[in-house]
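First comes the structure, then the notes that go with it.
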Amino acid sequence: MKLKGGIYWGAGCGGCDVAVLDINEKILAVAEKMDLLFWPIAMDFKYDDVRAMEDGEFDLVLYNGAVRNSENEEMAKLLRRKTKTLVAFGACAHIGGLPGLANYHTKQTLLDRVYKETESTVNPEGTVPLENSTVEGNKLDLPRFYNTIKTLDQVVDVDYYLPGCPPVPQQIYNALTAVFNGELPPKGSVIGAGTRTLCDECPRIREEKEISEIKRPLNVIPDPEKCLLEQGLICLGPVTREGCGARCINSGVPCRGCYGPLEGVRDQGVRMISALASVLEPKEEKEIDELLDGIVDPLRTFHRFSTAASILRRKKI
Ligand code: SF4
Ligand code: SF4
């Protein structure tokens, strides 16, 4: 008997769906084990087809994207009911991802910016999407746009987390293989990634140097061999789970933390602030303040991917 699977996207960019295809010819091995009954980005499935299924009929659903509107939430709840195993697939479902940065704004400021204020917008009537409207006599309903982005597990019970923006293809394949072989770890675990820090798999040389200057990536060409953090670039490697193969680091770009926090860490960004504090060279408050002024946007630097899952969660406005 083949397994029954589904892949769904909430508030995401589609990169996680593409990453599934990036397992290349191994997709054939997946197809031998599992029929994909639902994958809206790739094939024409109807929500009613899912509604008509028995509860628990799916063996596995990968939900990528955060929960940003009423459609995302409705589908998260529906798929939770219809599947035995629900995986928060990718950084947005896992920890909110980049969409979570919207939590530093309100729904209204976002709508105003996107539909009225951007430099390329021409909208003299100030038209914005409405939840309910009538167009040429026809009633039109759109999903309700929420004020706050949520992670998948803030909305429904999640069985496993497959991190990354996007998850690396081999990791996806390994996780699917674990499902097929019945080798999944205990519920609530992160699958497909390791338990150490990204620094542990990073090839760059660390000399345990203290940081005397903070630089922005756009202003320097870093030494290709040495640790980026020790060169003054804020790299979240010390507080980020390993598993991506140091993708960004190998391209000379500091880690922004898309693989999420280590086991048992409540707030990845706060942990990074603490890690950074321990490697600063200045010891006097005034000098420390001057050094930290080099971090242009601390909120979005330390919680780039994890705002929605952080202790802060959103800006109070
Ligand atoms: S801080 Fe960044 S560059 Fe340095 S070792 Fe860790 S992951 Fe590599
Ligand atoms: S280096 Fe960091 S930000 Fe880049 S893919 Fe890896 S975990 Fe994600």
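If you look at just the Cα atoms of the chain, how large are its Rg and its Dmax in Å?
21.5, 70
Please give the per residue accessible area of region 231-317, computed with a probe of 1.4 Å over protein heavy atoms only, in Å². Show your work: numbers first, answer last.
Numbers: 4330 Å² over 87 residues.
Per-residue accessible area for region 231-317 comes out at 50 Å².
Compute the length gained on full extension between Val128 and Glu290: take 0.36 nm times their separation in residues and subtract their Cα-Cα distance, giving the result in nm to one decimal.
Values: separation 162, 0.36 × 162 = 58.32 nm, distance 4.28 nm.
So the chain would gain 54.0 nm between Val128 and Glu290.
Provide the FRET efficiency to the nearest 0.05 for the Val220-Thr118 pair, computing r from the beta carbons and using R0 = 25 Å.
So the FRET efficiency works out to roughly 0.25.
Compute the length gained on full extension between Glu263 and Thr109: take 0.36 nm times their separation in residues and subtract their Cα-Cα distance, giving the result in nm to one decimal.
Length difference between fully extended and current span is 51.9 nm.
In whole angstrom, and with the biggest value first, how far do the Cα coordinates of region 119-226 range along each principal axis?
The Cα atoms of region 119-226 stretch 68, 49, 23 Å along their principal axes.
What is the distance, in nm, between label points placed 7 Å from the Cα along the Cα-to-Cβ direction at Ile317 and at Lys139?
The two pseudo-label positions are separated by 3.1 nm.
Taking one equal scatterer on every alpha-carbon of region 188-317, how large is log10 of I(q)/I(0) by Debye at q = 0.22 1/Å?
Here the Debye-derived log intensity ratios amount to -1.43.
Compute the Kirkwood hydrodynamic radius of region 51-125, taking the inverse of the mean of 1/r over all pairs of distinct Cα atoms, and give it in Å to one decimal. Let's see the in-between values first.
Numbers: mean 1/r = 0.0687 Å⁻¹.
Taking every pair of different Cα atoms in region 51-125, averaging 1/r and inverting gives 14.6 Å.
Binned at 10 Å from 0, what are the whole-percent values of the Cα-Cα distance distribution for region 1-103, short to long?
15, 49, 31, 5, 0
Extension gain Phe45-Glu74, at 0.36 nm per residue separation less the Cα-Cα distance, in nm?
8.8 nm
Just the number: Rg to Rh for region 262-317, Cα atoms, Kirkwood Rh, two decimals. Walk me through the numbers before you get to the answer.
Working: Rg = 12.8 Å, Rh = 12.5 Å.
Looking at region 262-317, the ratio lands at 1.02.
Rank by packing, highest mean first: peptides 28-39, 282-293, with packing defined as the count of other Cβ atoms within 10 Å averaged across residues.
Working: 28-39: 15.6, 282-293: 11.5.
Result, highest mean Cβ count within 10 Å first: 28-39, 282-293.
Membrane-span-like helices in the chain: DSSP H runs reaching 30 Å or more (Cα, own axis), mean Kyte hydropathy at least 1.6?
Span-like helices in the chain: none at all.
Please report, as a whole percent, how much of the solvent-accessible surface of region 201-294 comes from carbon and sulfur atoms (probe radius 1.4 Å).
In region 201-294, the share of accessible area belonging to carbon and sulfur is 50 percent.
Taking only C-alpha pairs under 8 Å that are 6+ residues apart, what is the relative contact order of region 1-76 in percent?
On the way: 90 pairs, mean separation 40.1, N = 76.
So the answer I get is 53 percent.
Work out the FRET efficiency for Arg300 and Met1 from their Cβ-Cβ distance, taking R0 = 45 Å, and round it to the nearest 0.05.
Working: r = 47 Å, r/R0 = 1.05.
For R0 = 45 Å, the calculated efficiency reads 0.45.
Distance cut-off 30 Å, Cα to Cα: go down the list Lys33/Lys187; Lys84/Lys139; Lys2/Lys187; Lys150/Lys187; Lys2/Lys46; Lys26/Lys82 and report the pairs above it.
Lys84/Lys139
Hey, what's region 84-207 come to in accessible area per residue, 1.4 Å probe, Å²?
Working: 6500 Å² over 124 residues.
Computed with neighbouring chains in place, this is 52 Å² per residue.
Using 7 Å Cα-to-Cβ label points, what is the Glu57/Lys187 separation (nm, one decimal)?
It is 2.3 nm.
Compute the whole-percent fraction of alpha carbon pairs in region 101-173 spaced more than 19 Å apart.
That tail contains 61 percent of the Cα-Cα pairs.
The values are calculated or read from the model by the stated rules, or taken from the named source; none is laboratory data. What you are looking at is a predicted structure, and each value in this text was computed from that prediction instead of being measured. Reconstructed Cβ throughout: ideal geometry from the backbone, glycine too, with neighbour counts over all protein chains shown. To get the accessible areas, we keep the full protein, side chains included, count just its heavy atoms, and leave off ligands, DNA and RNA. Shrake-Rupley method; radii C 1.70, N 1.55, O 1.52, S 1.80 Å.
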